[in-house]
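These notes are about the structure you will find just below.
The values are calculated or read from the model by the stated rules, or taken from the named source; none is laboratory data. Bear in mind that the values here come from a model prediction, so they are computed numbers and not experimental data. Counting neighbours? That spans all protein chains shown, and the Cβs are built from the backbone with ideal geometry, glycine included.
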Amino acid sequence: MNQYEWNFRKYYGSNQGCYQEIKNIEKRLDDYNIYIDHLLDSAQNLYNGLQLDLEINQKIDNLKFYIDRKYDIDITDNEVKKLKDEISVLENKKIDKADFIYKELSKLSLKDISKYIIENPKLETLRLYLERIIKNNYHRVDEQDKKLENELTYFLELFIRNANLLRNKQIHFGNIEFEGKTIEISNHNYKKYMSSNHRELRKKYFQKFYQKYAEFNELFSINLRENLKINTKISILKKYQNPIEYYLSEEEIDYKIYNHLITSTNQNLDILHKYYCLRKKLLNYEELHIYDLYIPLVTEYNKTYSFKEAKNIAIAALKVLGKDYIQIIEKAFDENWIDCFPKKNKVSGAYGGGVYGQHPYILINYSESVWDIKTLVHELGHAANSYLSFQKQEYPYAYYSTFVEEIPSIVNEFLLYDYLKKNSKSMKEKLFYSSMEIEIFIEKYFRATMQAEYEKTVYDFVLENKYLDADTFNQLYYDLQQKYYGEAVFVDQEIAVEWERILQYFEFPLYTYQYATSVCFAFYIAQKLINKDVSFRDRYMKFLSLGSSVTPMEALKIVGFDLNDQQMFSKIIEKFKELLEQFVRNIKNNF
């Protein structure tokens, strides 16, 4: 093991340790028998039964998370695949064994919960946990449909795994030749070469990359179509109108916010189109292509950053968050929380987060560009959020809502660019980082909303029993790109299959909209932190430690947001407009 890889020995030691843990958990499942038909006999029984369930849940969470991380660094490891399957079987056994708990709790009212708490005050810590279960009783499936739900979940995981194998193992992109060099094409390298100053290189890379994805178009379309159908079926089984309502209600968010985001953004696409006109003008291209959209508006310096340099920049940029926050960031680097570099059979992309009982894990594929530093601080935001939640909350409330989880990571991106701008050695360098700040809005707000709109569109196709095949997926995606990019961008046909490489569509349904909503909150928070508002910083640190001990709406009120504000998205678009106008003025004054 080296300092740039995860240290797995800390928890289970070996695969054999995982097998032993599976056996230990299976034995504990028999303890549920004590409480069948007796869970509600007394407040003590209720407390003990719930504690048993939470303890077993936590053990399975830890085991599942650990094996998923091992899988992500080598998706060809057959022993790890076998363990994933065994854990899945164990999880289903546990669900079946513990199902009586939720049936029993469905008999209770909120008043009944208060009576049990009076009898046993230890239950007070579980009040919110129990209230959420009881409020959700309406959406529990009955006995007849439970088996169907389990079967659907099994096949859903299968289609997710198929898509991941296609993306990370089965597709061999090959190489291209450029200026006497052989360049490997991969998911890992895509952003790096799409931000290259060499336009011909970008074009060749882009075309071969998506032409290879197109060869697997039918397979990806089967996986996504069945994924959509299964998620829709599960949503309806649970008595929701549609998957959007299902997934947002799980986060205690009104699903109307999803539609409001799309509507507000569509009403303001003219601002986005002006941005692309500016990009075309600054780059001085007759035609602006999709492969021209990742390069900075201001020419990037051909500079690379070692991982040590990236670490120093990240720590310096995040210092405005205070000493306690920086101590967490230093732990991430010093205690092997980060698996840094691309390697064969490692999954593409990046993520950060954790599971209660283990330190957070961060996966990146560092390739020494400034974009990789952005990815690093983004994932450190997730990891620090997890760490603080786990430190401050008990297990039932340790995991924060996905609705708020992108906020800390995007805050860190804004802080990074502010630091880089302030430490620039020339106006051109400062404008370069300003252009990257603008790109947060382009990527995390507008592009994320576009992806959210696409996902809503294909789910609507399923709900309306419309035909979905590879050509339909491609055409819907292509048409949406044209709408968002406007007349200034030539939408290359190859981009029609880009949906195949968007992990969230397969593995994290109806997630991408949260990048857009999070930008609204993150920009405001970052400005407060940059202005060294210490009292606000303390509120923000509290926000990071709340987990799910309050609803997302209540958590956001601590940092000054009201989700009932219908003008929220319009306000952030105005902020983007101001940034863009300031950038244009600076360009005119200096070049």
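What pairs come out if I take residues in the range 275-290 that are over 18 Å from PHE446 (Cα atoms) and pair them with residues that are at pLDDT below 95 and not in a helix (DSSP H, G or I) whose C-beta lies under 8 Å away, six or more apart or interchain?
LEU282/LEU297; LEU282/VAL298; LEU283/ILE295; LEU283/LEU297
Looking only at the range 171-184, how many residues end up being surrounded by fewer than 17 Cβ atoms within 10 Å (Cβ to Cβ) and either within 24 Å of the chain's Cα centre (by Cα) or aromatic (Phe, Trp, Tyr) (or both)?
1
Look through the range 143-168, keep the residues that are within 27 Å of LYS81 (Cα to Cα) and loosely packed, with under 13 Cβ neighbours inside 10 Å, and return whichever of them is modelled with the highest pLDDT. First the steps, then the outcome.
Filtering the range 143-168 for residues within 27 Å of LYS81 (Cα to Cα) gives 146-168.
So of that shortlist, the ones also loosely packed, with under 13 Cβ neighbours inside 10 Å come out as 147, 151.
On the way: LYS147: 79, GLU151: 85.
Taking the candidates together, the pick is GLU151.
Give all pairs with beta carbons closer than 9 Å in which a residue from the range 176-197 that is at pLDDT below 90 meets a residue that is in a strand (DSSP E or B) and surrounded by 12 or more Cβ atoms within 10 Å (Cβ to Cβ); count only pairs at least 6 apart in sequence or on separate chains.
ASN189/ILE183
Is it the case that some residue within the range 159-169 is of a type in the set (A, V, I, L, M) and not in a helix (DSSP H, G or I)?
Checked against the condition, which is being of a type in the set (A, V, I, L, M) and not in a helix (DSSP H, G or I), the range 159-169 yields no hits at all.
Among LYS204, LYS147, which is closer than 30 Å to PRO342 by Cβ and of a type outside the set (Phe, Trp, Tyr)?
Exactly one residue qualifies, and that residue is LYS204.
Does ILE22 qualify as being in contact with a helix residue (DSSP H, G or I) (Cβ under 6 Å, 6 or more places away or on another chain), at pLDDT below 95 and either buried (at least 16 other Cβ atoms within 10 Å of the Cβ) or not in a helix (DSSP H, G or I) (or both)?
no
Restricted to the range 196-211, and to residues that are surrounded by fewer than 18 Cβ atoms within 10 Å (Cβ to Cβ) and not in a helix (DSSP H, G or I), which residue is nearest to the chain's Cα centre (by Cα)?
Only one residue tops the list, namely ASN197.
Conditions (1) outside any helix (DSSP H, G or I); (2) of a type in the set (Lys, Arg); (3) crowded, with 17+ Cβ neighbours inside 10 Å, marked per residue:
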position: TYR71; (1), (2), (3): no, no, yes
position: VAL89; (1), (2), (3): no, no, no
position: LYS97; (1), (2), (3): no, yes, yes
position: LYS111; (1), (2), (3): no, yes, no
position: ILE117; (1), (2), (3): no, no, yes
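Could you check the range 263-287 and list, in sequence order, the residues that are surrounded by 19 or more Cβ atoms within 10 Å (Cβ to Cβ) and aliphatic (A, V, I, L, M)?
Matches in the range 263-287: LEU272 only.
Taking the range 120-142 only, how many residues are over 18 Å from ASP53 (Cβ atoms) and surrounded by 13 or more Cβ atoms within 10 Å (Cβ to Cβ)?
Residues that pass the stated criteria total 2.
Which condition from (1) of a type outside the set (D, E, K, R); (2) within 24 Å of PHE441 (Cα to Cα); (3) buried (at least 18 other Cβ atoms within 10 Å of the Cβ); (4) at pLDDT 90 or above is the one that ASN259 breaks?
It fails just one condition, (3).
Might you check whether a residue that is under 18 Å from SER518 (Cβ atoms), of a type in the set (Lys, Arg) and either buried (at least 18 other Cβ atoms within 10 Å of the Cβ) or in contact with a Lys or Arg (Cβ under 9 Å, 6 or more places away or on another chain) (or both) occurs anywhere in the range 427-446?
Within the range 427-446, one or more residues are under 18 Å from SER518 (Cβ atoms), of a type in the set (Lys, Arg) and either buried (at least 18 other Cβ atoms within 10 Å of the Cβ) or in contact with a Lys or Arg (Cβ under 9 Å, 6 or more places away or on another chain) (or both).
Among the residues of the range 444-461, is any among the basic types (Lys, Arg) and under 17 Å from the mean Cα position of the chain (by Cα)?
Within the range 444-461 (the criterion being among the basic types (Lys, Arg) and under 17 Å from the mean Cα position of the chain (by Cα)), the answer is yes, since at least one residue qualifies.
Among the residues that make up the range 126-142, is at least one of them over 13 Å from LEU46 (Cβ atoms), in contact with a helix residue (DSSP H, G or I) (Cβ under 9 Å, 6 or more places away or on another chain) and either modelled with pLDDT of 90 or more or among the aromatic types (Phe, Trp, Tyr) (or both)?
yes
Among the residues of the range 501-511, are any buried (at least 20 other Cβ atoms within 10 Å of the Cβ) and either among the hydroxyl-bearing types (Ser, Thr, Tyr) or closer than 18 Å to MET568 by Cβ (or both)?
yes
Matching residues to (1) crowded, with 18+ Cβ neighbours inside 10 Å; (2) modelled with pLDDT of 95 or more; (3) part of a helix (DSSP H, G or I):
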{"residue": "ARG28", "(1), (2), (3)": "no, yes, yes"}
{"residue": "ASN33", "(1), (2), (3)": "no, yes, yes"}
{"residue": "LEU40", "(1), (2), (3)": "no, yes, no"}
{"residue": "GLN44", "(1), (2), (3)": "no, yes, yes"}
{"residue": "LEU52", "(1), (2), (3)": "yes, yes, yes"}
{"residue": "ILE56", "(1), (2), (3)": "yes, yes, yes"}
{"residue": "LYS59", "(1), (2), (3)": "yes, yes, yes"}
{"residue": "LEU63", "(1), (2), (3)": "yes, no, yes"}
{"residue": "TYR66", "(1), (2), (3)": "yes, no, yes"}
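Test each condition in (1) under 22 Å from HIS38 (Cα atoms); (2) touching a residue at least 12 places away in the same chain (Cβ under 8 Å) for GLU79 and report the one that comes out false.
(1)
Out of everything in the range 241-253 that is of a type in the set (D, E, K, R) and either free of Cβ contacts under 8 Å to residues at least 12 places away in the same chain or not in a loop (DSSP other than H, G, I, E, B) (or both), what residue ends up being farthest from TYR454 (Cα to Cα)?
Taking the range 241-253 and keeping what is of a type in the set (D, E, K, R), we get 245, 250-252.
Now restrict to residues that are either free of Cβ contacts under 8 Å to residues at least 12 places away in the same chain or not in a loop (DSSP other than H, G, I, E, B) (or both): 245, 250.
Values: GLU245: 16, GLU250: 21 Å.
It comes out as GLU250.
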